[in-house]
Amino acid sequence: PGAVLDKDIEVEGLWLSLLAHFACRPQPDAHGPDADGVADLQTFLHSRSATLGGQPDYMLYCALPFIPRPDLSPQFKHLFAPEWLPALKERLATTLVRVVRRPDWPAIYALMASPPRP
């Protein structure tokens, strides 16, 4: 998603939310953050600090890798709320529909697909 991340601040914010989700909630029965997910989140935060610095949640997410039990932290309780995951899925679906478009078909395809004229 690198090319899209560089052009679209909404996609960048969504990517940050997804990384936070997979760092904090790797599996339903997991207790505490996932080490690989936290490493991915830290890498993203360090590489995107210039563009995300103005986002309100950015500083909050910067602290996330250093909190051993974010599910117990009042600042991160929204990540563990039952409605957060369905909302994140909806946001992802909406973004994919907006960003991933079917390529324009060549004109020859339109000619071949239409019925012959008498």
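The values are calculated or read from the model by the stated rules, or taken from the named source; none is laboratory data. Nothing here was measured: the structure is a model prediction, and the numbers come from that model. Note that we place each Cβ from the backbone using ideal geometry, even for glycine, and neighbour counts take in every protein chain shown. What goes into the accessible areas is simple: the full protein's heavy atoms, side chains included, and nothing from ligands, DNA or RNA. Shrake-Rupley method; radii C 1.70, N 1.55, O 1.52, S 1.80 Å.
Being modelled with pLDDT of 80 or more and under 17 Å from residue 10 (Cα atoms) is a property that residue 72 lacks.
The set of residues in the stretch 58-68 that are outside any helix (DSSP H, G or I) and either modelled with pLDDT of 80 or more or open to solvent by less than 60 Å² (accessible area, probe 1.4 Å) (or both) contains only 67. In the stretch 72-88, the residues that are within 12 Å of residue 24 (Cβ to Cβ) and open to solvent by 90 Å² or more (accessible area, probe 1.4 Å) form Cβ pairs under 9 Å with partners that are of a type outside the set (A, V, I, L, M, F, W, C) and at pLDDT below 85, at six or more places apart or across chains, as follows: 77/70; 77/71. The set of residues in the stretch 45-54 being modelled with pLDDT under 80 and open to solvent by 50 Å² or more (accessible area, probe 1.4 Å) consists of 49, 50, 51, 54.
Residue-wise test of (1) in a helix (DSSP H, G or I); (2) modelled with pLDDT of 80 or more; (3) within 17 Å of the chain's Cα centre (by Cα).
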site	(1), (2), (3)
10	yes, yes, yes
16	yes, yes, yes
19	yes, yes, yes
33	no, no, no
43	yes, yes, yes
56	no, no, yes
